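**Student:** A single structure is presented below for examination.
The values are calculated or read from the model by the stated rules, or taken from the named source; none is laboratory data. Values in this document were obtained by computation on a predicted structure and should not be read as measured data. Virtual Cβ from ideal backbone geometry, glycine too; neighbours counted across all protein chains shown.
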Amino acid sequence: MSASSQSAKSKKDESFLGRLGGTLVRRKKATEVSDLHEEGKNAINAPMLPSGKDVHPEDTLLEENAERIMLDPTSRDDPKFKDLLKVLIDWINSELEEDRIIVKDLEEDCYDGQVLQKLFEKLSGRKLNVAEVTQSEIGQKQKLQTVLEAVNELLRPHGWSIEWSVDSIHCKNLVAIVHLLVSLAMHFQAAIRLPEHVSVRVVVVKKREGILQTALVNKELTSTTEMMMGRFERDAFDTLLDHAPDKLNVVKTSLITFVNKHLNKLNLEVTELESQFADGVYLILLMGLLEDYFVPLYNFFLTPENFDQKVHNVAFAFELMQDGGLKKPKARPEDVVNLNLKSTLRVLYNLFTNYKNSE
């Protein structure tokens with residue numbers, strides 16, 4: 001960075017420091033979850049090509065007419081699939097934080113039924129009659145059987161397709177595990193935004209007359225947000241944008257008036273909701289004003305230069321909201337950064353509802 005650029009940035013920071021009025025203090029959650037890590041899988045669980053000679057010898061132990069499904073290698077490395085895994089892992093860790101459970105890998109952490117049991121109990125408010133700790137394979141499968149029976153009894157009447165089984169989960173079938181978690185997240189209206197249009201290719205191995213047959217099949221894990229949200233009650237913004245677009249400007253005007261009432265204290269002004277909150281800076285400053293504290297400039301990017309820095313800012317603003325006692329926003333930081341109007345409106349309206357009487 002040139003000396004002139006550094007000088008300009010320094011002056012900009014100083015001007016903000018002048019507006020913010022000095023030293024900064026903030027209550028921060030001491031919660032840290034490790035990033036998703038990839039572990040090596042043995043041949044029986046690893047993806048493989050649809051060729052008989054590439055099938056692992058252990059697959060010949062399949063019973064007649066039985067089948068095994070495994071993830072294709074190209075799908076395992078797909079960015080959208082990885083994004084879905086991260087969203088699900090972060091969601092589970094958020095839900096089970098009080099139980100001090102940290103999930104790092106869905107295959108390794110969900111196969112024995114312990115995490116799935118705790119997650120279902122937390123979401124449903126129903127206690128399952130299962131052993132707390134089960135080390136043996138028989139005990140693990142018995143626990144899985146109880147958990148999945150409860151899940152299936154809950155989901156099946158609502159039209160959910162059951163794409164999992166005790167054996168597939170216990171065999172660490174990642175596609176089956178993801179299907180199950182996505183269905184639970186949508187059914188319980190999890191405060192997350194699942195990535196749209198995530199599909200994977202799987203290798204299906206079947207045994208017919210003693211001969212192994214393989215084929216590649218596409219599996220859809222998520223569709224559009226609108227279709228996924230359509231399985232449960234749509235919120236006011238779905239109705240507003242779909243059936244009363246003429247009233248949209250009225251809502252936007254009300255929200256702009258609300259945010260400017262507070263941002264004006266820093267000589268800042270919003271005219272476009274869609275774009276001016278997309279980098280997260282105004283959201284962070286707004287939360288500090290609403291909660292009456294100053295946010296340290298080193299905690300966020302004052303002038304974010306790329307997508308990741310903007311996502312960091314919005315995610316940090318969401319943490320501030322939760323620190324203030326608000327529920328986790330039903331939006332992904334990526335949606336706000338990508339100028340998704342409904343996501344931005346949901347976040348701002350939640351602030352308006354909780355702070356509309358704040359001075």
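**Student:** Residue pairs, Cβ under 7 Å, 6 or more apart or interchain, first in region 210-227 and among the basic types (Lys, Arg), second modelled with pLDDT of 75 or more. List them.
**Tutor:** Lys219/Val175; Lys219/Ser199; Lys219/Val200; Lys219/Val202
**Student:** Scanning region 177-203 for residues that are in contact with a strand residue (DSSP E or B) (Cβ under 9 Å, 6 or more places away or on another chain) and surrounded by fewer than 16 Cβ atoms within 10 Å (Cβ to Cβ), which turns out modelled with the highest pLDDT? It would help to see each step written out before you state the result.
**Tutor:** At the first step, the residues of region 177-203 found to be in contact with a strand residue (DSSP E or B) (Cβ under 9 Å, 6 or more places away or on another chain) are 178-179, 197-203.
From what's left, surrounded by fewer than 16 Cβ atoms within 10 Å (Cβ to Cβ): 197, 199.
Numbers: His197: 85, Ser199: 89.
For region 177-203, the residue satisfying everything is Ser199.
**Student:** Just to be sure I understand the filter: pairs with C-beta atoms under 8 Å, separated by 6 or more residues or on different chains, first member in region 95-110 and in a loop (DSSP other than H, G, I, E, B), second member basic (Lys, Arg). Which pairs pass?
**Tutor:** Pairs found: Leu96/Lys118; Leu96/Lys122; Ile101/Lys118.
**Student:** Additional query: If Ala278 satisfies every condition in (1) modelled with pLDDT of 90 or more; (2) surrounded by fewer than 20 Cβ atoms within 10 Å (Cβ to Cβ) but one, which is the exception?
**Tutor:** (2)
**Student:** Only one of (1) modelled with pLDDT under 90; (2) in contact with a Ser or Thr (Cβ under 8 Å, 6 or more places away or on another chain) fails for Lys104. Which number is that?
**Tutor:** It fails just one condition, (1).
**Student:** Would you confirm whether or not region 284-305 contains a residue that is closer than 26 Å to Lys247 by Cα and out of contact with any Lys or Arg (no Cβ under 9 Å at 6 or more places or on another chain)?
**Tutor:** The initial filter retains those residues of region 284-305 that are closer than 26 Å to Lys247 by Cα, namely 286.
Okay, now just the ones that are also out of contact with any Lys or Arg (no Cβ under 9 Å at 6 or more places or on another chain), so 286.
Taking every residue of region 284-305 in turn, at least one turns out to be closer than 26 Å to Lys247 by Cα and out of contact with any Lys or Arg (no Cβ under 9 Å at 6 or more places or on another chain).
**Student:** Now, a different point. I'm checking my understanding of the structure. Among residues of region 135-163 that are of a type in the set (A, V, I, L, M, F, W, C) and either part of a helix (DSSP H, G or I) or modelled with pLDDT of 90 or more (or both), which one is surrounded by the most Cβ atoms within 10 Å (Cβ to Cβ)?
**Tutor:** The first filter runs over region 135-163 and keeps only residues of a type in the set (A, V, I, L, M, F, W, C), leaving 138, 144, 147-148, 150-151, 154-155, 160, 162.
From the residues that got through so far, the ones that are either part of a helix (DSSP H, G or I) or modelled with pLDDT of 90 or more (or both) too are 138, 144, 147-148, 150-151, 154-155.
Details: Ile138: 9, Leu144: 26, Val147: 24, Leu148: 20, Ala150: 19, Val151: 22, Leu154: 18, Leu155: 17.
Once the filter is applied, the top-ranked residue is Leu144.
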